[in-house]
Amino acid sequence: MSIQITPLTGSVGGLVEGVNLNEPINPDTFDVLHRAFLEHGVLVYRGQFLQPGAHVEFARLWGNPAQNNPLDPSVPGFPGLIQVTKIPKETASTEAWHSDSIYTSVPPKISILSAVVVPHGGDTMWCNQYVSYERLSPTMQRMLEGLRARFTGLRLARMRGIDQIPSAVHPIVRTHPETRRKALYVGHPDTAQQIEGMTVAESRPLLDFLYEHSTTPDNIYRHMWQAGDVVMWDNRCTMHYAVHDYGEAERVLNRITLEGEVPV
Ligand code: OGA
Ligand code: MN
């Protein structure tokens, strides 16, 4: 069967059909997937029921698996594969727009989720951060040039009950190392704390504006999970948001992230 890529919205996401991720991917197929990934930022594969070993193999085509937080539970026998399980809504650090581990100095470039058990609800949304940058006025784009912000893992620290809050400083406009396109690199107010060299009073409204501006409905794909789905995304040019509307219901997704680059 030949591989087919269909855009999922006018802004972000592509549906991939005609590929079985449980089998080895040949270089030609990988090339098609790679180009589609750079174009759409998010790729959706339905009905894969990806086996843990195949998940790791597939991920290795894209890069080096990132070091996982030892506090995250992994799939038995597969230390690189994290189990994303239901978390209480009150502490769900993923229920806010974010780019994964932005509060670390070298954040992961790609994340790959495979749905094992899905509730009614529990959708995930993604937004396109190239679009967020490109639809700013030229004057605002010029103003943001060279600005850097401090990002913290405050929500995660709160969720885990740890006092040590990780943090890192990154440019708020980054150039994607592969596409060379500029993307807005921001996050929810708990993570994007302050622009370097500005007061909190100066930077807060700007960061809040950029966050709101990034996440309007016309810049979003919302994925309604089915068991067997695989979704991979580019943390360098998208943000995502895990909707927590499923109460106490079971939700299990396997996840692997790939080492990224220092954002520039
Ligand atoms: C993540 C994440 C989304 C989800 O694993 O980084 O944000 O829907 N998960 O669980
Ligand atoms: Mn995430």
| query | Roughly what would the spin-label model give for residue 181 and residue 246, points 7 Å off Cα along C-beta, in nm? | reply | 3.0 nm
| task | Return the long-range amide H neighbours of residue 194 (sequence gap of 5 or more, or a different chain), with a cut-off of under 5 Å between placed amide H atoms. | result | 150
| said: Pairs of alpha-carbon atoms within less than 8 angstrom and 6+ residues apart define the contacts here; what relative contact order does the chain have, in percent? | reply: 35 percent
| How large is ³J(HN,Hα), in whole Hz, for each residue of segment 223-238 in order, when computed from phi with the Karplus curve 6.51 cos²θ - 1.76 cosθ + 1.60 and θ = phi - 60°, using x for Gly and Pro? | 9, 9, 5, 10, 3, x, 5, 10, 10, 10, 9, 9, 6, 7, 9, 9
| request: Sticking with the crude label model, points 7 Å out along Cα→Cβ, report the distance from residue 28 to residue 199 in nm, one decimal please. | output: 6.4 nm
| request: May I ask you to derive the relative contact order of segment 119-249, considering only C-alpha pairs under 8 Å and at least 6 residues apart, and to give it as an integer percent? | output: 43 percent
| message | At 222 nm, what value in deg cm²/dmol follows for the chain if DSSP H runs of at least 4 each add -39500 (n - 2.57) and the sum is divided by all its residues, to the nearest 500? | response | -6500 deg cm²/dmol
| said: Can you tell me the orientation of helix 27-40 relative to the chain, as the angle in degrees between its alpha-carbon axis and the longest Cα principal axis, to the nearest 10? | reply: 30 degrees
| message | Just to confirm a number: summing +1 for Lys and Arg and -1 for Asp and Glu over residues other than residue 51 whose beta-carbon lies under 15 angstrom from that of residue 51, what do you get? | response | -1
| field | Net charge of neighbours whose Cβ lies under 15 Å from the Cβ of residue 152, counting Lys and Arg as +1 and Asp and Glu as -1 | value | +2
| remark: Amide H contacts under 5 Å for residue 66, restricted to residues at least 5 apart in sequence or on another chain and with H modeled in the peptide plane, are 257, 258, 259
| query | In degrees, nearest 10, range 0 to 90: what is the angle between the Cα axis of helix 200-214 and the longest Cα principal axis of the chain? | reply | 40 degrees
| said: For the pair residue 261/residue 61, report the inter-label distance in nm, with labels modelled 7 Å from Cα in the Cβ direction. | reply: 2.2 nm
| said: Can you work out the Karplus-derived ³J(HN,Hα) for every residue in segment 6-23? Use 6.51 cos²θ - 1.76 cosθ + 1.60 with θ = phi - 60°, whole Hz, and x for glycine or proline. | reply: 10, x, 8, 8, x, 10, 8, x, x, 8, 9, 10, x, 9, 10, 6, 7, 10
| Between segment 46-122 and segment 180-259, the alpha-carbon center distance in angstrom | 15 Å
| remark: Expected max-MSF residue from 48, 164, 83 in the GNM of the chain (alpha carbon, under 10 Å) is 164
| field | Rounded FRET efficiency, nearest 0.05, which uses the C-beta distance separating residue 169 from residue 227 and R0 of 51 Å | value | 0.80
| Which ³J(HN,Hα) values, rounded to whole Hz and listed in residue order, are derived for segment 100-113 from phi using the Karplus coefficients 6.51, -1.76 and 1.60 in 6.51 cos²θ - 1.76 cosθ + 1.60 with θ = phi - 60°, glycine and proline given as x? | 4, 6, 5, 7, 9, 6, 10, x, x, 7, 9, 10, 10, 10
| What number in nm² do you get for the chain if you take the convex hull of its Cα atoms and divide its surface by four? | 13.7 nm²
| query | Cα to Cα, under 15 Å, and not fewer than 8 places away if on the same chain: which aspartates and glutamates meet these conditions relative to residue 86? | reply | 72, 95, 123, 245, 248, 250
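No lab work stands behind these numbers, since they all come straight from the coordinates. Note that the structure is a prediction, hence the values are computed from the model and not measured. Cβ coordinates were reconstructed from backbone atoms using ideal geometry, including for glycine residues, and neighbour counts include every protein chain displayed.
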